[in-house]
1. Which one of W166, W141, W155, W162 is free of Cβ contacts under 8 Å to residues at least 40 places away in the same chain and surrounded by 14 or more Cβ atoms within 10 Å (Cβ to Cβ)?
2. Search the stretch 80-118 for residues being outside any helix (DSSP H, G or I) and free of Cβ contacts under 8 Å to residues at least 12 places away in the same chain, and hand back the single one that is farthest from W162 (Cα to Cα).
3. Has the stretch 179-198 got any residue that is in contact with a Gly (Cβ under 8 Å, 6 or more places away or on another chain) and either in a helix (DSSP H, G or I) or buried (at least 18 other Cβ atoms within 10 Å of the Cβ) (or both)?
4. For Y189, are the conditions met, namely being more than 22 Å from G114 (Cβ to Cβ), at pLDDT 95 or above, out of contact with any strand residue (DSSP E or B) (no Cβ under 6 Å at 6 or more places or on another chain) and hydroxyl-bearing (S, T, Y)?
5. Could you check, for the stretch 208-219, whether at least one of its residues is at pLDDT below 95 and in a loop (DSSP other than H, G, I, E, B)?
6. What's the number of the condition P128 fails, among (1) out of contact with any strand residue (DSSP E or B) (no Cβ under 6 Å at 6 or more places or on another chain); (2) of a type outside the set (D, E); (3) modelled with pLDDT of 95 or more?
7. For E203, which of the numbered conditions (1) in contact with a Pro (Cβ under 9 Å, 6 or more places away or on another chain); (2) of a type in the set (D, E, K, R); (3) surrounded by fewer than 17 Cβ atoms within 10 Å (Cβ to Cβ); (4) on the phi < 0 side of the Ramachandran plot fails to hold?
Amino acid sequence: MHRSMTPTAGIVTMSKATLFISSKNYSSWSLRGFLLARMASLDFDIQQVSADDPSSRAELLMQTSSIRIPYIVHDGVTVWDTLAIAEYLNELHPGAGMLPADRVARARCRSVAGEMHSGFGALREALPMNLRMFRPNFTLWSAVRADIDRIAEIWRECLGTWKGPWLFGEHRTIADAMFAPVVTRFRTYDVEVDAVCEKYCQEVLAWPDMREWFAAAQKEPEQIEELDIEF
């Protein structure tokens, strides 16, 4: 929880933020924003933008060149883009451990979070996030397989180096929030991974904030036919 000191009165006040999200069922970026805000112990309310909103719908269907939801409004500042949100929240609460304390681990954390943020286009397109769906024996084309293999490689390297259970050791970091929606995609589309990666997936799915989000997604009334269609 962010606390700001009033210079004149010398009293501690708390600033409440608002996190604007789109669909809990379909929006991987909204999930990342929520996990980051919780990780930072930010005091925030959630305001949900309707899936029928044209700009929100375009983002969910990947028909726009940029992602501006989720965004956080806090102390007169508006921050969008999940990496920018992550860095802002880390500045607000550096003691939350959103980035590793070790310089080498911190550099790697930023690198893999950035790779997730900007890459894996085939996986995003072919395996959109959908928490209410399960597609057993889903066919994966070669480009998607390449993305999955690279993600598994990142996980194995991090878990092998920093010994888990999270990517950079005993504490969750920005990287775990960035990859959390990938874990849901692996479950939705019945993607098999090795034992090391499977153990990490189980850890992510057991994360209380993930469980809370997942439960809320099941109750969400909105449905986007383009993302629910059988293909």
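The values are calculated or read from the model by the stated rules, or taken from the named source; none is laboratory data. Only a predicted model underlies this, so the values are computations on that prediction, with no experimental measurement involved. Cβ atoms come from the backbone with ideal geometry, glycine included; neighbour counts cover every protein chain shown.
1. Numbers: W141 fails: surrounded by 14 or more Cβ atoms within 10 Å (Cβ to Cβ); W155 fails: free of Cβ contacts under 8 Å to residues at least 40 places away in the same chain; W162 fails: free of Cβ contacts under 8 Å to residues at least 40 places away in the same chain.
One residue alone meets the criteria, W166.
2. First, the residues of the stretch 80-118 that are outside any helix (DSSP H, G or I): 80-81, 93, 97-102.
Applying the additional criterion that residues be free of Cβ contacts under 8 Å to residues at least 12 places away in the same chain yields 101-102.
Details: A101: 12, D102: 11 Å.
Taking the candidates together, the pick is A101.
3. Filtering the stretch 179-198 for residues in contact with a Gly (Cβ under 8 Å, 6 or more places away or on another chain) gives 196.
Now restrict to residues that are either in a helix (DSSP H, G or I) or buried (at least 18 other Cβ atoms within 10 Å of the Cβ) (or both): 196.
Yes: one or more hits.
4. Details: more than 22 Å from G114 (Cβ to Cβ): yes; at pLDDT 95 or above: yes; out of contact with any strand residue (DSSP E or B) (no Cβ under 6 Å at 6 or more places or on another chain): yes; hydroxyl-bearing (S, T, Y): yes.
Yes.
5. Yes, that holds for at least one residue.
6. Going through (1) out of contact with any strand residue (DSSP E or B) (no Cβ under 6 Å at 6 or more places or on another chain); (2) of a type outside the set (D, E); (3) modelled with pLDDT of 95 or more one by one, P128 breaks only (3).
7. Looking at each condition in turn, E203 falls short on (3).
This table checks each residue for (1) of a type in the set (V, I, T); (2) modelled with pLDDT of 95 or more.
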position: A17; (1), (2): no, yes
position: I46; (1), (2): yes, yes
position: V49; (1), (2): yes, no
position: D52; (1), (2): no, no
position: R68; (1), (2): no, no
position: D75; (1), (2): no, no
position: L89; (1), (2): no, yes
